[in-house]
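Report on the following structure.
The values are calculated or read from the model by the stated rules, or taken from the named source; none is laboratory data. What you see is a predicted model; the values in this text were computed from it and never measured. Ideal geometry is used to build each Cβ from the backbone, glycine not excepted, and the neighbour counts take in all protein chains shown.
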Amino acid sequence: METINKQSHTPYYAQLADILRGIIRDSLSGDETEFLPSENELVSTYQVSRATVRRALSLLEREGLIHKVKGKGTYISKHRARYPLTKLVATSQDMRRRGWKPGIQVLSFEEIDTHSPITESLGIDSDDRLYELCRLRLGNNQPVGLQWAYLPVKICPGLIEYDLATSLTRFIEERFGIIFWSAHEFLRARLPTNFEAEHLQIPLTTPVIYMERITYTYRVIKIIRSTCIEYFNDLYGIGIT
């Protein structure tokens, strides 16, 4: 067991935070531990003050590694994915690179009337129809994100007939010959809705990262007037590692 080095110039709370990060990493790599020891246990185990323990826990909470549940204790936040902002990478591909087993649950898939801002974002006519696809993304059988994809029906005719519990990017490229080439993204932090918190299995007080993305293809398909092919909403928890 690691201990606090009281001869070190590193503050006790920072040392304790490093020790707890190790415990969290171990739990995410297969250990069944879901929560950290209580404040009293940490004080006793590492021979530090309660103020030191609380400062270390506060630091880890700001980093999104833990969250507190009143009356129950301090829980380790579920492991989620981090995505590069300079390269367009399919979610399934990114998960496999990290050694995770990707999974997908289709929550809803339907054809809808288009509406602003999707109409303006995709550069399509107001009477054009859209596919709306909502999916829950899994990593090692754990929920890691919610995604909503909107695609013009006319560029992917018959799409609704297929099971899209698979890589959407790869399926569109292989079935329709449309290459996902680049994107403009907008990100912000907010609190989850009841629907989002329920499916991601997180408290309503846990912040999430919400992303809007417009995806482009390098090929101009004759049946559309621009290279915009997808309006995409993505939701992941803060503390993504």
(message) Can you confirm whether I118 is within 19 Å of the chain's Cα centre (by Cα), at pLDDT below 90, surrounded by 14 or more Cβ atoms within 10 Å (Cβ to Cβ) and hydrophobic (A, V, I, L, M, F, W, C)?
(response) no
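Report, by residue number, each residue of region 53-68 that is in a helix (DSSP H, G or I) and at pLDDT 80 or above.
Those that are in a helix (DSSP H, G or I) and at pLDDT 80 or above: V53, R54, R55, A56, L57, S58, L59, L60, E61.
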(message) Tally up the residues in region 11-46 that are outside any helix (DSSP H, G or I) and either exposed (fewer than 12 other Cβ atoms within 10 Å of the Cβ) or in contact with an Asp or Glu (Cβ under 8 Å, 6 or more places away or on another chain) (or both), please.
(response) 5
(message) Pairs please, first residue from region 150-178 and among the aromatic types (F, W, Y), second anywhere and in a helix (DSSP H, G or I), Cβ atoms under 6 Å, 6+ apart in sequence or on different chains.
(response) Y150/I118
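So that you can scan it fast, the table gives a plain yes or no per residue for (1) modelled with pLDDT of 90 or more; (2) of a type in the set (D, E, K, R):
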{"site": "R170", "(1), (2)": "no, yes"}
{"site": "E173", "(1), (2)": "no, yes"}
{"site": "F186", "(1), (2)": "no, no"}
{"site": "E196", "(1), (2)": "yes, yes"}
{"site": "L200", "(1), (2)": "yes, no"}
{"site": "L204", "(1), (2)": "no, no"}
{"site": "I209", "(1), (2)": "no, no"}
{"site": "R213", "(1), (2)": "no, yes"}
(request) From (1) touching a strand residue (DSSP E or B) at 6+ places or on another chain (Cβ under 9 Å); (2) closer than 22 Å to I118 by Cα, pick out the condition that doesn't hold for G158. (result) (1)
(request) Looking at (1) part of a loop (DSSP other than H, G, I, E, B); (2) exposed (fewer than 15 other Cβ atoms within 10 Å of the Cβ); (3) modelled with pLDDT under 70, find the lone condition where G71 falls short. (result) (3)
(message) I'd like the residue in region 74-88 that is among the β-branched types (V, I, T) and surrounded by 16 or more Cβ atoms within 10 Å (Cβ to Cβ) and, out of all such residues, is modelled with the lowest pLDDT.
(response) I76
